[in-house]
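Read through the structure below, which is laid out as C-alpha coordinates, and then see the notes.
The values are calculated or read from the model by the stated rules, or taken from the named source; none is laboratory data. Small disclaimer: the values here were computed from a predicted structure and weren't measured. Cβ sites come from the backbone with ideal geometry, for glycine too, and all protein chains shown count toward neighbours. We work out accessible area using only protein heavy atoms, side chains counted, and drop any ligands, DNA or RNA first. Shrake-Rupley method; radii C 1.70, N 1.55, O 1.52, S 1.80 Å.
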Amino acid sequence: MEAPRSGSFPTAKRCRLVPRPPPAPLEVAGARGPYMPPLCTKSKNPSAKCYGDRFIPDRSAMDMDMAYFLLTEPKKEKENTDMLSPAEEAYKRLLAEKLLNNRSRILTFRNKPPEPEGMVQQLFYETLTSSQTKPARKRRHIPQFSERTLDAPGIVDDFYLNILDWGCKNVMSIALGNTLYLWNSADGSITDLVTIDEDDGPITSVSWSCDGQRIAVGLNSSDIQLWDTSSNRMLRTLHGVHQSRVGSLAWNKNILTTGGMDGNIVNNDVRMRSHVVQIYRGHKDEVCGLRWSGSGQQLASGGNDNLVHIWDVSMASSNPSLGHNRWLHRFGDHLAAVKALAWCPFQSNLLASGGGGDDRHIRFWNTHTGLCLNSVCALLWNKNEKELLSAHGYVQNSLALWKYPSMVKLAELEDHTARVLCLAQSPDGFTVASVAADETLRLWQIFGTSEDVKPVVKTDNVRVGPWGTDCSYFQGLIALVV
(Lines give C-alpha, C1' and ligand atoms only; values in the text may rest on other atoms or scores of the structure.)
Protein backbone atom coordinates (compact mmCIF):
# COMPACT_ATOMS: atom_id res chain seq x y z
CA MET A 1 0.00 0.00 0.00
CA GLU A 2 1.29 3.35 -1.01
CA ALA A 3 1.72 5.85 1.76
CA PRO A 4 -0.14 9.09 1.43
CA ARG A 5 1.66 12.03 0.13
CA SER A 6 2.77 14.72 2.48
CA GLY A 7 0.21 17.48 3.01
CA SER A 8 -2.70 15.64 1.38
CA PHE A 9 -5.91 13.89 2.63
CA PRO A 10 -7.13 10.43 1.87
CA THR A 11 -8.95 10.24 -1.44
CA ALA A 12 -11.50 7.60 -0.38
CA LYS A 13 -14.18 10.23 0.42
CA ARG A 14 -14.33 13.91 -0.38
CA CYS A 15 -16.78 16.45 1.22
CA ARG A 16 -18.02 19.71 -0.29
CA LEU A 17 -18.62 22.58 2.07
CA VAL A 18 -21.78 24.51 1.17
CA PRO A 19 -21.70 28.11 2.45
CA ARG A 20 -24.65 29.18 4.66
CA PRO A 21 -26.54 32.38 3.89
CA PRO A 22 -25.45 35.21 6.14
CA PRO A 23 -27.84 36.04 9.04
CA ALA A 24 -29.81 39.19 8.92
CA PRO A 25 -28.31 42.05 10.85
CA LEU A 26 -29.26 42.13 14.58
CA GLU A 27 -31.53 39.10 14.22
CA VAL A 28 -31.80 36.82 17.22
CA ALA A 29 -31.02 33.27 16.33
CA GLY A 30 -34.11 31.14 15.87
CA ALA A 31 -36.45 34.09 16.31
CA ARG A 32 -38.93 35.44 13.81
CA GLY A 33 -40.97 38.54 14.46
CA PRO A 34 -44.73 38.73 13.81
CA TYR A 35 -45.86 39.34 10.30
CA MET A 36 -46.46 43.02 9.68
CA PRO A 37 -48.42 43.75 6.51
CA PRO A 38 -47.35 46.85 4.64
CA LEU A 39 -49.49 49.91 4.98
CA CYS A 40 -49.69 50.21 1.24
CA THR A 41 -50.31 46.97 -0.62
CA LYS A 42 -48.32 46.71 -3.82
CA SER A 43 -50.57 46.07 -6.71
CA LYS A 44 -50.22 46.10 -10.43
CA ASN A 45 -53.52 47.94 -10.61
CA PRO A 46 -52.73 51.67 -10.75
CA SER A 47 -56.21 52.54 -9.41
CA ALA A 48 -55.65 50.65 -6.14
CA LYS A 49 -56.08 52.91 -3.09
CA CYS A 50 -53.38 53.38 -0.50
CA TYR A 51 -55.03 54.22 2.81
CA GLY A 52 -51.96 54.72 4.93
CA ASP A 53 -52.26 55.69 8.58
CA ARG A 54 -55.50 57.65 8.71
CA PHE A 55 -54.68 59.09 12.15
CA ILE A 56 -51.98 61.39 10.75
CA PRO A 57 -53.38 64.66 9.34
CA ASP A 58 -52.70 65.53 5.75
CA ARG A 59 -51.03 68.92 5.87
CA SER A 60 -51.44 69.52 2.16
CA ALA A 61 -55.22 69.49 2.60
CA MET A 62 -55.20 71.89 5.55
CA ASP A 63 -55.50 75.66 5.69
CA MET A 64 -52.98 76.52 8.42
CA ASP A 65 -54.16 80.12 8.72
CA MET A 66 -57.73 78.98 9.22
CA ALA A 67 -56.60 76.36 11.74
CA TYR A 68 -54.73 79.01 13.75
CA PHE A 69 -57.76 81.30 13.66
CA LEU A 70 -60.10 78.55 14.89
CA LEU A 71 -57.75 77.63 17.73
CA THR A 72 -57.37 81.19 19.02
CA GLU A 73 -60.86 82.59 18.32
CA PRO A 74 -62.72 80.86 21.23
CA LYS A 75 -60.34 82.47 23.73
CA LYS A 76 -61.00 85.92 22.32
CA GLU A 77 -64.76 85.34 22.24
CA LYS A 78 -64.71 84.29 25.89
CA GLU A 79 -62.88 87.47 26.82
CA ASN A 80 -65.27 89.77 24.93
CA THR A 81 -68.59 88.00 25.54
CA ASP A 82 -69.75 90.35 28.28
CA MET A 83 -69.01 93.43 26.14
CA LEU A 84 -71.14 92.47 23.12
CA SER A 85 -74.72 93.51 22.64
CA PRO A 86 -77.28 91.13 21.06
CA ALA A 87 -77.05 93.03 17.76
CA GLU A 88 -73.25 92.76 17.74
CA GLU A 89 -73.43 89.03 18.45
CA ALA A 90 -75.83 88.53 15.54
CA TYR A 91 -73.57 90.56 13.21
CA LYS A 92 -70.52 88.55 14.30
CA ARG A 93 -72.30 85.27 13.67
CA LEU A 94 -73.41 86.31 10.15
CA LEU A 95 -69.92 87.58 9.34
CA ALA A 96 -68.38 84.26 10.38
CA GLU A 97 -70.83 82.35 8.21
CA LYS A 98 -69.95 84.44 5.14
CA LEU A 99 -66.18 84.50 5.60
CA LEU A 100 -65.59 81.01 6.99
CA ASN A 101 -68.24 79.26 4.87
CA ASN A 102 -69.20 77.18 7.94
CA ARG A 103 -65.72 75.72 8.08
CA SER A 104 -65.05 74.51 11.59
CA ARG A 105 -62.60 71.59 11.24
CA ILE A 106 -58.98 72.14 12.18
CA LEU A 107 -57.40 68.78 11.18
CA THR A 108 -57.98 67.23 7.77
CA PHE A 109 -57.32 63.57 6.99
CA ARG A 110 -56.50 62.09 3.64
CA ASN A 111 -59.13 59.38 3.26
CA LYS A 112 -62.03 57.83 5.08
CA PRO A 113 -61.47 54.51 6.90
CA PRO A 114 -61.79 51.49 4.61
CA GLU A 115 -65.10 49.66 4.53
CA PRO A 116 -65.23 46.27 6.34
CA GLU A 117 -64.73 43.37 3.99
CA GLY A 118 -65.58 39.68 3.91
CA MET A 119 -66.77 38.00 7.09
CA VAL A 120 -66.41 41.14 9.21
CA GLN A 121 -68.78 43.04 6.95
CA GLN A 122 -71.27 40.16 6.97
CA LEU A 123 -71.25 39.90 10.77
CA PHE A 124 -71.68 43.65 11.09
CA TYR A 125 -74.65 43.58 8.73
CA GLU A 126 -76.30 40.65 10.55
CA THR A 127 -75.87 42.33 13.93
CA LEU A 128 -77.30 45.59 12.67
CA THR A 129 -80.24 43.83 11.01
CA SER A 130 -81.08 41.76 14.11
CA SER A 131 -81.01 44.83 16.35
CA GLN A 132 -83.29 46.74 14.01
CA THR A 133 -85.80 43.92 13.53
CA LYS A 134 -86.12 43.08 17.27
CA PRO A 135 -89.72 43.84 18.19
CA ALA A 136 -90.18 46.48 20.87
CA ARG A 137 -92.34 45.57 23.84
CA LYS A 138 -95.78 47.08 23.56
CA ARG A 139 -96.39 49.72 26.18
CA ARG A 140 -99.36 48.99 28.39
CA HIS A 141 -102.24 51.42 28.26
CA ILE A 142 -103.02 52.92 31.65
CA PRO A 143 -106.58 54.27 31.83
CA GLN A 144 -106.92 57.69 33.42
CA PHE A 145 -110.50 57.10 34.61
CA SER A 146 -112.19 54.37 36.57
CA GLU A 147 -113.74 51.55 34.58
CA ARG A 148 -116.82 51.43 36.79
CA THR A 149 -118.28 53.54 39.60
CA LEU A 150 -120.66 52.27 42.28
CA ASP A 151 -122.50 54.32 44.89
CA ALA A 152 -121.44 53.81 48.51
CA PRO A 153 -123.93 55.83 50.60
CA GLY A 154 -123.53 55.90 54.37
CA ILE A 155 -119.85 54.99 54.37
CA VAL A 156 -118.07 55.83 57.64
CA ASP A 157 -115.36 58.42 56.99
CA ASP A 158 -112.79 57.04 59.44
CA PHE A 159 -109.15 56.53 58.50
CA TYR A 160 -108.59 53.82 61.13
CA LEU A 161 -111.22 51.37 59.85
CA ASN A 162 -110.76 48.56 57.31
CA ILE A 163 -114.17 48.16 55.67
CA LEU A 164 -113.24 46.86 52.19
CA ASP A 165 -111.87 43.45 51.14
CA TRP A 166 -111.81 41.28 48.00
CA GLY A 167 -111.94 37.51 48.43
CA CYS A 168 -110.24 34.81 46.38
CA LYS A 169 -113.61 33.78 44.88
CA ASN A 170 -113.92 37.20 43.24
CA VAL A 171 -116.50 38.53 45.66
CA MET A 172 -115.93 41.97 47.19
CA SER A 173 -117.24 42.96 50.62
CA ILE A 174 -117.88 46.52 51.76
CA ALA A 175 -119.38 47.81 54.99
CA LEU A 176 -121.65 50.85 54.70
CA GLY A 177 -122.60 51.91 58.20
CA ASN A 178 -124.28 48.92 59.91
CA THR A 179 -124.77 46.85 56.73
CA LEU A 180 -122.34 44.50 55.01
CA TYR A 181 -122.78 44.13 51.24
CA LEU A 182 -121.27 41.51 48.92
CA TRP A 183 -120.68 42.34 45.25
CA ASN A 184 -119.96 39.51 42.84
CA SER A 185 -117.71 40.89 40.11
CA ALA A 186 -118.48 37.96 37.79
CA ASP A 187 -122.19 38.71 37.35
CA GLY A 188 -122.51 42.08 39.12
CA SER A 189 -125.00 40.77 41.69
CA ILE A 190 -125.25 42.47 45.10
CA THR A 191 -126.14 40.67 48.34
CA ASP A 192 -127.11 42.26 51.64
CA LEU A 193 -125.38 39.80 53.99
CA VAL A 194 -126.11 41.31 57.42
CA THR A 195 -127.30 44.48 59.12
CA ILE A 196 -125.94 45.04 62.63
CA ASP A 197 -128.02 46.44 65.48
CA GLU A 198 -127.46 50.07 66.35
CA ASP A 199 -126.06 49.09 69.75
CA ASP A 200 -123.32 46.98 68.18
CA GLY A 201 -122.61 48.98 65.03
CA PRO A 202 -121.21 50.33 62.93
CA ILE A 203 -119.11 47.66 61.24
CA THR A 204 -115.47 48.58 61.74
CA SER A 205 -113.59 45.88 59.82
CA VAL A 206 -114.12 43.01 57.35
CA SER A 207 -111.79 40.27 56.12
CA TRP A 208 -112.22 37.21 53.89
CA SER A 209 -110.77 33.86 54.95
CA CYS A 210 -108.08 32.25 52.81
CA ASP A 211 -110.56 29.87 51.16
CA GLY A 212 -113.02 32.66 50.32
CA GLN A 213 -115.83 30.78 52.07
CA ARG A 214 -116.02 32.65 55.38
CA ILE A 215 -115.90 36.31 56.24
CA ALA A 216 -115.04 37.91 59.58
CA VAL A 217 -116.85 41.08 60.65
CA GLY A 218 -115.46 43.32 63.39
CA LEU A 219 -117.89 45.53 65.29
CA ASN A 220 -117.78 48.75 67.23
CA SER A 221 -119.00 46.80 70.28
CA SER A 222 -115.74 44.72 70.36
CA ASP A 223 -117.44 41.52 69.09
CA ILE A 224 -116.35 39.59 66.00
CA GLN A 225 -118.84 37.67 63.86
CA LEU A 226 -118.03 34.80 61.48
CA TRP A 227 -120.31 34.25 58.49
CA ASP A 228 -120.61 31.50 55.88
CA THR A 229 -121.28 33.32 52.63
CA SER A 230 -122.44 30.22 50.72
CA SER A 231 -125.41 29.72 53.06
CA ASN A 232 -125.66 33.32 54.32
CA ARG A 233 -125.67 32.23 57.96
CA MET A 234 -123.63 33.26 60.97
CA LEU A 235 -121.29 30.57 62.24
CA ARG A 236 -120.32 32.05 65.61
CA THR A 237 -119.62 35.24 67.55
CA LEU A 238 -116.35 35.81 69.38
CA HIS A 239 -117.06 37.67 72.62
CA GLY A 240 -114.66 39.28 75.06
CA VAL A 241 -111.65 39.31 72.77
CA HIS A 242 -111.17 43.08 73.05
CA GLN A 243 -112.40 45.84 75.32
CA SER A 244 -113.38 48.24 72.50
CA ARG A 245 -113.94 48.32 68.74
CA VAL A 246 -112.13 45.92 66.42
CA GLY A 247 -110.61 47.98 63.59
CA SER A 248 -108.38 45.40 61.88
CA LEU A 249 -108.55 41.71 60.94
CA ALA A 250 -106.18 39.26 59.22
CA TRP A 251 -106.41 35.53 58.44
CA ASN A 252 -103.63 32.94 58.58
CA LYS A 253 -105.27 29.62 57.57
CA ASN A 254 -107.65 28.88 60.49
CA ILE A 255 -106.19 31.59 62.72
CA LEU A 256 -108.09 34.89 62.77
CA THR A 257 -105.95 37.72 64.11
CA THR A 258 -107.81 40.72 65.50
CA GLY A 259 -106.58 44.18 66.48
CA GLY A 260 -108.54 46.49 68.76
CA MET A 261 -108.62 50.01 70.08
CA ASP A 262 -107.28 48.61 73.37
CA GLY A 263 -103.89 48.09 71.66
CA ASN A 264 -103.99 44.27 71.89
CA ILE A 265 -103.51 41.79 69.06
CA VAL A 266 -105.19 38.40 69.52
CA ASN A 267 -104.81 35.17 67.57
CA ASN A 268 -108.08 33.20 67.52
CA ASP A 269 -108.34 29.60 66.34
CA VAL A 270 -111.88 29.59 64.98
CA ARG A 271 -112.05 25.75 65.17
CA MET A 272 -111.73 25.73 68.97
CA ARG A 273 -114.27 26.55 71.61
CA SER A 274 -111.66 28.46 73.61
CA HIS A 275 -110.50 30.35 70.57
CA VAL A 276 -107.85 32.69 72.05
CA VAL A 277 -104.43 31.08 71.49
CA GLN A 278 -101.97 34.03 71.62
CA ILE A 279 -102.06 37.65 72.70
CA TYR A 280 -99.51 40.19 71.45
CA ARG A 281 -99.02 43.29 73.59
CA GLY A 282 -96.81 46.00 72.16
CA HIS A 283 -99.00 48.88 70.99
CA LYS A 284 -100.11 51.63 73.34
CA ASP A 285 -102.97 52.82 71.12
CA GLU A 286 -105.43 51.43 68.59
CA VAL A 287 -104.19 48.73 66.20
CA CYS A 288 -105.33 49.88 62.75
CA GLY A 289 -103.30 47.62 60.43
CA LEU A 290 -102.60 43.85 60.39
CA ARG A 291 -100.96 41.73 57.66
CA TRP A 292 -99.61 38.17 57.69
CA SER A 293 -96.65 37.39 55.45
CA GLY A 294 -97.09 34.99 52.54
CA SER A 295 -95.36 32.20 54.46
CA GLY A 296 -97.57 32.71 57.51
CA GLN A 297 -94.52 32.94 59.77
CA GLN A 298 -94.50 36.68 60.45
CA LEU A 299 -97.23 39.16 61.35
CA ALA A 300 -96.92 42.92 60.78
CA SER A 301 -98.98 45.32 62.88
CA GLY A 302 -99.37 49.09 62.72
CA GLY A 303 -100.96 51.33 65.30
CA ASN A 304 -102.11 54.81 66.19
CA ASP A 305 -99.01 55.07 68.38
CA ASN A 306 -96.97 55.46 65.15
CA LEU A 307 -95.29 52.08 65.69
CA VAL A 308 -94.82 49.04 63.46
CA HIS A 309 -94.19 45.63 65.02
CA ILE A 310 -93.03 42.38 63.45
CA TRP A 311 -94.20 39.28 65.33
CA ASP A 312 -92.74 35.84 64.62
CA VAL A 313 -94.75 32.65 65.13
CA SER A 314 -91.73 30.82 66.52
CA MET A 315 -91.46 33.37 69.35
CA ALA A 316 -95.13 33.22 70.37
CA SER A 317 -96.05 31.74 73.73
CA SER A 318 -98.58 28.91 73.78
CA ASN A 319 -100.00 30.23 77.07
CA PRO A 320 -102.07 33.37 76.35
CA SER A 321 -102.48 34.13 80.03
CA LEU A 322 -98.79 35.00 80.31
CA GLY A 323 -99.19 37.89 77.89
CA HIS A 324 -95.45 38.41 77.39
CA ASN A 325 -95.13 37.54 73.70
CA ARG A 326 -92.17 39.50 72.43
CA TRP A 327 -91.98 41.22 69.07
CA LEU A 328 -89.17 40.41 66.66
CA HIS A 329 -88.72 44.03 65.47
CA ARG A 330 -90.17 47.38 66.50
CA PHE A 331 -90.00 50.32 64.08
CA GLY A 332 -90.68 53.84 65.32
CA ASP A 333 -89.71 55.93 62.31
CA HIS A 334 -93.24 57.01 61.35
CA LEU A 335 -94.65 60.32 62.57
CA ALA A 336 -98.33 59.36 62.35
CA ALA A 337 -100.64 56.36 62.65
CA VAL A 338 -99.65 53.36 60.54
CA LYS A 339 -102.58 51.71 58.78
CA ALA A 340 -101.17 50.66 55.40
CA LEU A 341 -99.12 47.46 55.56
CA ALA A 342 -98.22 45.14 52.68
CA TRP A 343 -95.77 42.30 52.11
CA CYS A 344 -93.94 42.24 48.80
CA PRO A 345 -95.22 39.38 46.60
CA PHE A 346 -91.79 38.74 44.99
CA GLN A 347 -89.46 39.32 48.00
CA SER A 348 -90.69 37.45 51.03
CA ASN A 349 -88.84 39.46 53.69
CA LEU A 350 -89.78 42.91 52.38
CA LEU A 351 -92.53 44.89 54.14
CA ALA A 352 -93.92 48.30 53.26
CA SER A 353 -95.64 50.46 55.86
CA GLY A 354 -97.47 53.75 55.24
CA GLY A 355 -98.00 56.58 57.71
CA GLY A 356 -100.92 58.97 58.11
CA GLY A 357 -101.43 62.70 57.61
CA ASP A 358 -98.49 63.98 59.67
CA ASP A 359 -96.09 61.46 58.17
CA ARG A 360 -97.18 60.87 54.55
CA HIS A 361 -94.39 58.39 53.96
CA ILE A 362 -94.10 54.69 53.33
CA ARG A 363 -91.05 52.91 54.56
CA PHE A 364 -89.61 49.63 53.34
CA TRP A 365 -88.23 47.16 55.88
CA ASN A 366 -86.08 44.06 55.68
CA THR A 367 -87.83 41.93 58.30
CA HIS A 368 -84.86 39.56 58.59
CA THR A 369 -82.41 42.26 59.64
CA GLY A 370 -84.76 45.02 60.84
CA LEU A 371 -83.19 47.62 58.52
CA CYS A 372 -85.15 50.43 56.86
CA LEU A 373 -84.46 50.27 53.13
CA ASN A 374 -86.23 53.42 51.96
CA SER A 375 -89.11 55.75 52.76
CA VAL A 376 -91.97 56.78 50.47
CA CYS A 377 -95.50 58.16 50.64
CA ALA A 378 -98.27 55.50 50.17
CA LEU A 379 -98.94 51.86 49.07
CA LEU A 380 -100.52 48.77 47.08
CA TRP A 381 -98.63 45.98 45.27
CA ASN A 382 -99.17 44.84 41.68
CA LYS A 383 -99.03 41.04 41.65
CA ASN A 384 -98.03 40.77 37.99
CA GLU A 385 -95.63 43.66 37.32
CA LYS A 386 -92.98 45.50 39.28
CA GLU A 387 -95.23 48.44 40.01
CA LEU A 388 -96.83 50.10 43.01
CA LEU A 389 -100.05 51.93 43.51
CA SER A 390 -100.35 54.70 46.05
CA ALA A 391 -103.53 56.27 47.44
CA HIS A 392 -103.58 59.82 48.75
CA GLY A 393 -106.01 61.80 50.88
CA TYR A 394 -107.10 65.33 51.62
CA VAL A 395 -105.05 67.48 49.22
CA GLN A 396 -104.55 65.00 46.36
CA ASN A 397 -107.49 62.56 46.79
CA SER A 398 -105.87 60.53 44.01
CA LEU A 399 -104.12 57.31 43.08
CA ALA A 400 -100.60 57.23 41.66
CA LEU A 401 -98.88 54.39 39.79
CA TRP A 402 -95.09 54.03 40.14
CA LYS A 403 -92.52 51.90 38.34
CA TYR A 404 -90.17 49.85 40.53
CA PRO A 405 -87.25 50.16 41.09
CA SER A 406 -86.80 53.41 39.14
CA MET A 407 -89.74 54.99 41.03
CA VAL A 408 -90.87 56.88 37.94
CA LYS A 409 -94.50 57.99 38.13
CA LEU A 410 -96.43 56.26 35.35
CA ALA A 411 -99.86 57.74 35.94
CA GLU A 412 -101.96 59.75 38.38
CA LEU A 413 -105.70 59.06 38.68
CA GLU A 414 -107.87 61.85 40.06
CA ASP A 415 -111.47 60.65 39.84
CA HIS A 416 -112.16 60.80 43.59
CA THR A 417 -113.26 64.12 45.09
CA ALA A 418 -112.54 63.19 48.73
CA ARG A 419 -109.86 61.25 50.53
CA VAL A 420 -109.40 57.57 49.66
CA LEU A 421 -110.19 55.37 52.67
CA CYS A 422 -109.45 51.80 51.53
CA LEU A 423 -108.06 49.85 48.60
CA ALA A 424 -108.55 46.21 47.57
CA GLN A 425 -107.16 44.09 44.76
CA SER A 426 -108.94 41.43 42.71
CA PRO A 427 -107.73 37.80 42.94
CA ASP A 428 -106.11 37.96 39.49
CA GLY A 429 -104.29 41.16 40.46
CA PHE A 430 -105.46 43.27 37.51
CA THR A 431 -108.36 45.27 38.99
CA VAL A 432 -108.16 47.62 41.98
CA ALA A 433 -111.13 48.85 44.00
CA SER A 434 -110.96 52.15 45.88
CA VAL A 435 -113.56 53.56 48.25
CA ALA A 436 -113.44 57.20 49.33
CA ALA A 437 -115.23 59.67 51.54
CA ASP A 438 -117.07 60.97 48.45
CA GLU A 439 -119.31 57.87 48.90
CA THR A 440 -118.17 56.17 45.71
CA LEU A 441 -116.58 52.78 45.08
CA ARG A 442 -114.47 52.86 41.91
CA LEU A 443 -112.95 49.98 39.94
CA TRP A 444 -109.71 50.55 38.06
CA GLN A 445 -108.12 48.37 35.38
CA ILE A 446 -104.81 49.98 36.25
CA PHE A 447 -102.65 46.85 36.33
CA GLY A 448 -103.48 45.83 32.77
CA THR A 449 -104.81 42.49 31.57
CA SER A 450 -103.57 38.90 31.35
CA GLU A 451 -102.12 39.66 27.89
CA ASP A 452 -99.77 42.25 29.37
CA VAL A 453 -98.28 39.97 32.01
CA LYS A 454 -94.65 38.95 32.06
CA PRO A 455 -93.29 36.66 34.83
CA VAL A 456 -91.92 38.33 37.95
CA VAL A 457 -88.92 36.61 39.51
CA LYS A 458 -89.51 35.86 43.18
CA THR A 459 -86.64 36.05 45.65
CA ASP A 460 -86.35 35.25 49.33
CA ASN A 461 -84.08 38.13 50.23
CA VAL A 462 -83.86 41.80 49.43
CA ARG A 463 -80.80 43.96 48.89
CA VAL A 464 -80.30 46.87 51.22
CA GLY A 465 -79.91 50.08 49.23
CA PRO A 466 -81.58 53.40 48.52
CA TRP A 467 -83.58 54.12 45.38
CA GLY A 468 -83.29 57.89 45.54
CA THR A 469 -86.88 59.07 45.72
CA ASP A 470 -89.20 60.47 48.34
CA CYS A 471 -92.45 59.32 46.71
CA SER A 472 -92.24 55.67 45.72
CA TYR A 473 -94.14 52.47 46.32
CA PHE A 474 -93.68 48.78 45.74
CA GLN A 475 -95.19 46.33 43.30
CA GLY A 476 -98.32 44.53 44.43
CA LEU A 477 -98.73 46.77 47.45
CA ILE A 478 -101.69 48.94 48.44
CA ALA A 479 -101.10 51.84 50.74
CA LEU A 480 -102.92 54.92 51.97
CA VAL A 481 -101.58 58.29 52.98
CA VAL A 482 -103.88 61.07 54.11
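Just checking, does the range 380-394 include any residue being more than 30 Å from Glu147 (Cα to Cα) and out of contact with any Pro (no Cβ under 7 Å at 6 or more places or on another chain)?
Quick first cut of the range 380-394, residues more than 30 Å from Glu147 (Cα to Cα) only: none.
The answer is no, given that none of the residues of the range 380-394 is more than 30 Å from Glu147 (Cα to Cα) and out of contact with any Pro (no Cβ under 7 Å at 6 or more places or on another chain).
State whether the residues of the range 304-311 include one that is assigned to a loop (DSSP other than H, G, I, E, B), under 19 Å from Ile163 (Cα atoms) and under 35 Å from the mean Cα position of the chain (by Cα). It would help to see each step written out before you state the result.
Pass one, the range 304-311, residues assigned to a loop (DSSP other than H, G, I, E, B): 304-307.
From what's left, under 19 Å from Ile163 (Cα atoms): 304.
Retained after the next criterion (residues that are under 35 Å from the mean Cα position of the chain (by Cα)): 304.
Within the range 304-311, one or more residues are assigned to a loop (DSSP other than H, G, I, E, B), under 19 Å from Ile163 (Cα atoms) and under 35 Å from the mean Cα position of the chain (by Cα).
With respect to Ser231, is the statement that it is of a type in the set (Ser, Thr, Tyr) and under 20 Å from Ala433 (Cα atoms) true?
Details: of a type in the set (Ser, Thr, Tyr): yes; under 20 Å from Ala433 (Cα atoms): no.
Against the criterion (of a type in the set (Ser, Thr, Tyr) and under 20 Å from Ala433 (Cα atoms)), Ser231 does not qualify.
If we keep just the residues of the range 268-286 that are touching a His at 6+ places or on another chain (Cβ under 9 Å) and not in a loop (DSSP other than H, G, I, E, B), which is nearest to Val217 (Cα to Cα)?
Within the range 268-286, the subset touching a His at 6+ places or on another chain (Cβ under 9 Å) is 268-269, 280-283.
Narrowing further to those that are not in a loop (DSSP other than H, G, I, E, B): 268-269, 280-281.
On the way: Asn268: 14, Asp269: 15, Tyr280: 20, Arg281: 22 Å.
It comes out as Asn268.
Which residue, of Ile215, Ile174, Ile196, is farther than 18 Å from Arg419 by Cβ and touching a Phe, Trp or Tyr at 6+ places or on another chain (Cβ under 6 Å)? First the steps, then the outcome.
Numbers: Ile174 fails: farther than 18 Å from Arg419 by Cβ; Ile196 fails: touching a Phe, Trp or Tyr at 6+ places or on another chain (Cβ under 6 Å).
It is Ile215.
Checking Glu412 against (1) surrounded by fewer than 19 Cβ atoms within 10 Å (Cβ to Cβ); (2) within 19 Å of Trp343 (Cα to Cα); (3) modelled with pLDDT of 75 or more, which single condition isn't satisfied?
Of the numbered conditions (1) surrounded by fewer than 19 Cβ atoms within 10 Å (Cβ to Cβ); (2) within 19 Å of Trp343 (Cα to Cα); (3) modelled with pLDDT of 75 or more, the odd one out for Glu412 is (2).
Being at pLDDT 85 or above and open to solvent by 90 Å² or more (accessible area, probe 1.4 Å): is that true of Asp157 here?
Working: at pLDDT 85 or above: yes; open to solvent by 90 Å² or more (accessible area, probe 1.4 Å): no.
So Asp157 does not fit the description; no.
Picking from Thr179, Thr195, which residue would you name as being open to solvent by less than 40 Å² (accessible area, probe 1.4 Å) and either in contact with a Cys (Cβ under 6 Å, 6 or more places away or on another chain) or at pLDDT 95 or above (or both)? Write out each step before concluding.
Values: Thr195 fails: open to solvent by less than 40 Å² (accessible area, probe 1.4 Å).
Criteria check complete, one pass: Thr179.
Do you know which of the residues in the range 425-439 that are over 25 Å from the mean Cα position of the chain (by Cα) and open to solvent by 20 Å² or more (accessible area, probe 1.4 Å) is nearest to Met172 (Cα to Cα)?
This residue is Glu439.
Which one of these does Gln396 not meet: (1) in a strand (DSSP E or B); (2) surrounded by fewer than 23 Cβ atoms within 10 Å (Cβ to Cβ); (3) of a type outside the set (Ser, Thr, Tyr)?
Gln396 satisfies every listed condition except (1).
Those residues that are under 14 Å from Phe145 (Cα atoms), of a type in the set (Ser, Thr, Tyr) and not in a strand (DSSP E or B), I need them from the range 399-441; list them, please.
Across the range 399-441, the qualifying residues are Thr417, Thr431.
Considering each of Gly218, Gly247, Gly201 in turn, give the residue that is open to solvent by less than 30 Å² (accessible area, probe 1.4 Å) and either part of a loop (DSSP other than H, G, I, E, B) or free of Cβ contacts under 8 Å to residues at least 40 places away in the same chain (or both).
Numbers: Gly218 fails: either part of a loop (DSSP other than H, G, I, E, B) or free of Cβ contacts under 8 Å to residues at least 40 places away in the same chain (or both); Gly247 fails: either part of a loop (DSSP other than H, G, I, E, B) or free of Cβ contacts under 8 Å to residues at least 40 places away in the same chain (or both).
Result of the check over Gly218, Gly247, Gly201: Gly201.
Pick from the range 250-295 the residues that are polar (S, T, N, Q) and free of Cβ contacts under 8 Å to residues at least 40 places away in the same chain: which of them is surrounded by the most Cβ atoms within 10 Å (Cβ to Cβ)? Break it down stepwise before answering.
First, pick out the residues of the range 250-295 that are polar (S, T, N, Q): 252, 254, 257-258, 264, 267-268, 274, 278, 293, 295.
The next check asks that each one be free of Cβ contacts under 8 Å to residues at least 40 places away in the same chain; those that pass are 254, 264, 274.
Details: Asn254: 14, Asn264: 19, Ser274: 8.
Only one residue fits best here, namely Asn264.
So, Pro153, is that one out of contact with any Cys (no Cβ under 9 Å at 6 or more places or on another chain), outside the structural domain of Pro427 (by TED's automatic domain parsing) and touching a residue at least 12 places away in the same chain (Cβ under 8 Å) or not? Steps first, answer last, please.
On the way: out of contact with any Cys (no Cβ under 9 Å at 6 or more places or on another chain): yes; outside the structural domain of Pro427 (by TED's automatic domain parsing): no; touching a residue at least 12 places away in the same chain (Cβ under 8 Å): yes.
No; evaluated as a whole, the condition is false for this residue.
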